[in-house]
Each structure stands twice: as C-alpha cells, then as structure tokens.
Amino acid sequence: HSPVDSGGACALFLPGADRCHSRVGSRPCWPAVRSLAPFRPRARAAGILVMHPHSFHHLAPLISAIEREAAAWFGGPVDAVTPEHHVERSASDHLLLRVHTRGRTAGVSVRVWRVTDARVHDRDHVEERVRREFQVTMDCWQAFNGASAVGCVRPLGYFPEHLAIATEEAPGRPLSELLERVLLPFASKADRLLLDRACQGLADWLRQFH
C-alpha cells in the first residue's frame, strides 16, 4: 500500500502490491518531506520507492492507465505493475515500471511532463510537444526495426491526458552506468572494453540514423 498524509508526507510504492493505493488522514503516517532525502537510500535498499506526495497523486492515475494497456503491449494478462525507479526533474518525472505477466516481466520507461497551476495556459503547447516526441520515436522505431543490429526503443503508448509517453526498456546496461563505473579509480579492464564496444555501437547507430 502507499500511505500519504495530508500534511505533506511522502508516498510509498511497495513492490509486489496489486494496486497503488493512497490513504489520507489527519494524522501523519510517514516522515515530513524535509526528512525524505536521508530516508530514500534506506527505503530503496528495502525495496520501497519513495515519492513526493505531489508526484504520487500525479503519477498514480497514470500507472493505473498503463496497467490497463499493458496486456495489449505484452500479449498476456497483467499480474502486477510495480514502480522500480523514479526521478523528479524540474519539468518532468521519469519512472521505470516492471510489468509482470504470466509469461514475462518487462520494463516500461515513462516520461511525464509537468505543467504547474501557475502556467496552466502552457498545457496545449506541452501536449503538442509530447505528441510530436511520441510520433518521432515511433518513426525511428519503425525505420530501425529489423533493419540491422542497431535499433530504437519501442514506443508503447501516448497518454495526452497525463502528458506522458511510455517506451519499452531497452535490454542491457545503460551507457551512463558504464561511464560511472569506468570513472572509478579501480575500474576493471572488462568494463573499459564494454564501454569501448558501447561507444562503437553508438557511433554505428548515429551513422545509420543520419
């Protein structure tokens, strides 16, 4: 379950839950927002995803919408959708979900653009940007699909009411993770070689893209 308090406490997504629920009451049921930062690493270690309450209320309906669509994306009934990673940025949220079906577990990467109440007049502009980005991603995926060893992430869904797009998580390790590992003082030779191959693959992708 996902406890939320009306005074601005954090929201929790617990992996393994069938749904994302909220409970609002007059008594706080978790630490105040100002104490979230030191709590997040311990929560992640325990398998709990900690969110700011604004993000929780913003994202919970979208997660439910993705759960309804996921059976068509992955060809089978959905047992559960569990949030695994969440990054809050100044103008958007980035969320990684695990979709569990009877035959497989798939990763879904979600980007949600944010329009504040003070700039609600910008919504039409942002909605058009989201629509255009989804269409460009679809065009790239169709152009690359099956053509060669390189490819593009698979676009899954466009949710204009949530200003969000969903793509299937690409297999393998993120390039950012490899870069971080290679920058460590005692980086292994295997990691350096893997980064070299990844950069070569990136060059091949850019060459075919252009």
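The values are calculated or read from the model by the stated rules, or taken from the named source; none is laboratory data. Computed from a predicted model, the values in this text were never measured in an experiment. A quick note on method: Cβ atoms are made from the backbone with ideal geometry, for glycine too, and the neighbour counts reach across all protein chains shown. To get the accessible areas, we keep the full protein, side chains included, count just its heavy atoms, and leave off ligands, DNA and RNA. Shrake-Rupley method; radii C 1.70, N 1.55, O 1.52, S 1.80 Å.
Test Arg154 against the stated conditions and say whether it is over 22 Å from His58 (Cβ atoms), modelled with pLDDT of 85 or more and under 18 Å from the mean Cα position of the chain (by Cα).
Spelling it out, Arg154 is indeed over 22 Å from His58 (Cβ atoms), modelled with pLDDT of 85 or more and under 18 Å from the mean Cα position of the chain (by Cα).
Restricting to region 155-183, name every residue that is surrounded by 17 or more Cβ atoms within 10 Å (Cβ to Cβ) and charged (D, E, K, R).
Glu168, Glu169
Six or more apart or on different chains, Cβ under 9 Å: which pairs go from a residue in region 63-81 that's within 18 Å of Ala164 (Cα to Cα) to one that's among the polar types (S, T, N, Q) and modelled with pLDDT of 90 or more? Could you list them?
Ala70/Thr101; Val81/Ser64
Working only within region 98-148, note down all residues that are in contact with a helix residue (DSSP H, G or I) (Cβ under 7 Å, 6 or more places away or on another chain), in contact (Cβ under 8 Å) with a residue 60 or more places away in the chain and either surrounded by 12 or more Cβ atoms within 10 Å (Cβ to Cβ) or among the charged types (D, E, K, R) (or both).
Within region 98-148, Ala106, Val108 qualify.
Just checking, how many residues over region 184-206 are open to solvent by 80 Å² or more (accessible area, probe 1.4 Å) and modelled with pLDDT under 85?
3
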